[in-house]
Amino acid sequence: MKVSVGQFNPGGDVADNLAVMRRLAVAAKSDGSALVLFPEESMFSVGRVPGGFTEAVDAHWTSFVRGLSMIAAEVGIAVIAGGYESSGEARPYNTLVAVDDDGRILDTYRKLHLYDAFSYQESRRIKPGDGGLVIVDIDGFKVGIMTCYDLRFPELARGLAVAGADLICVAAAWFKGDHKIEHWETLLKARAIENTCWVAAAGTSSDHCIGHSAVLDPMGLPQDFLADEAEGIATADVTHRRIDEVREFLPVLANRRLENSTTVVPAGT
């Protein structure tokens with residue numbers, strides 16, 4: 001299937017952001033894509049939403065999900081996008097929603113690893129997810145989903161691959177900073193290479209985030225990509241055949257011996 005990643009700069013208005021996503025979904029559909037992935041914070045940017053953050057989440061989460069379903073059904077394309085889901089507490093979840101091309105919600109993923117790094121503390125306002133791995137079926141492909149900082153934890157991507165994911169989708173708002181583009185590109189390539197699966201990544205483009213959305217094949221080779229464009233899509237043909245080809249000569253998943261063991265044998269025993 002063809003897969004597109006949509007890059008844009010979410011503002012503080014949910015309706016405006018949905019309008020941009022609809023425009024990009026139409027472009028992805030015109031490219032022949034069956035799935036379009038949008039960034040983390042597609043619902044709205046924390047720093048730009050008017051009023052209280054928790055109150056905005058409570059007021060707009062349901063309408064955001066409904067809007068995604070309408071885009072998917074009307075355009076005829078599966079959609080994955082990030083927003084903030086009410087948790088019943090002061091801190092909401094950072095959640096990805098996966099919707100099929102009929103507008104049916106396939107599943108949601110609550111971000112496991114919160115960005116408490118580089119002098120930022122996401123956990124101050126966001127509640128960590130505890131639901132584990134999420135894989136959805138889209139057009140004959142098993143699609144694993146993760147959010148931004150999750151990319152730095154190789155065990156999450158490996159868990160998705162072992163569970164059968166053909167494609168790992170990463171929705172992100174990857175902050176700018178020294179070496180951050182290099183980290184992003186290196187980690188995307190590593191997750192593809194070490195798991196011999198496809199990786200699609202959609203990044204926010206803003207004054208604070210890098211953009212650099214891309215689709216990479218199981219050898220870590222970018223098939224299409226963006227730089228810091230304010231808005232755009234990148235599209236690639238994701239195939240089972242390429243996975244099979246790579247795993248024929250690079251059977252790392254079949255060759256691994258540690259599996260999920262964390263047992264350490266002391267030296268000298």
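Points to keep in mind about this one:
- Meets criteria (at pLDDT 95 or above, closer than 17 Å to Val143 by Cα and either of a type outside the set (A, V, I, L, M) or surrounded by fewer than 22 Cβ atoms within 10 Å (Cβ to Cβ) (or both)) for Arg191: yes
- From the options Thr204, Thr239, Thr186, Thr235, residue that is over 24 Å from Met1 (Cβ atoms), surrounded by fewer than 23 Cβ atoms within 10 Å (Cβ to Cβ) and of a type in the set (Ser, Thr, Tyr): Thr186
- Checked against the criteria, Leu156 does not count as part of a loop (DSSP other than H, G, I, E, B), touching a helix residue (DSSP H, G or I) at 6+ places or on another chain (Cβ under 7 Å), modelled with pLDDT of 95 or more and of a type in the set (A, V, I, L, M).
- Condition check for Asp137: part of a strand (DSSP E or B) and in contact (Cβ under 8 Å) with a residue 12 or more places away in the chain: yes
- Set Trp174, Trp198: member being closer than 23 Å to Ala78 by Cα and either buried (at least 24 other Cβ atoms within 10 Å of the Cβ) or in contact with a helix residue (DSSP H, G or I) (Cβ under 9 Å, 6 or more places away or on another chain) (or both): Trp198
- Residue within segment 256-267 that is among the small types (Gly, Ala, Ser) and at pLDDT below 95 present: yes
- The test for being at pLDDT 95 or above, surrounded by fewer than 22 Cβ atoms within 10 Å (Cβ to Cβ), of a type in the set (Asp, Glu) and closer than 23 Å to Met21 by Cα holds for Asp102.
- Identity of the residue in segment 223-258, farther than 18 Å from Ala28 by Cα and not in a helix (DSSP H, G or I), that ends up nearest to the chain's Cα centre (by Cα): Asp228
- In segment 31-73, residue surrounded by the most Cβ atoms within 10 Å (Cβ to Cβ) [restricted to those that are touching a residue at least 12 places away in the same chain (Cβ under 8 Å), more than 22 Å from Phe141 (Cβ to Cβ) and charged (D, E, K, R)]: Glu41
The values are calculated or read from the model by the stated rules, or taken from the named source; none is laboratory data. The structure displayed is predicted, hence computed values, not measured ones. Note that each Cβ is placed from the backbone with ideal geometry, even for glycine, and that neighbours are counted across all protein chains shown.
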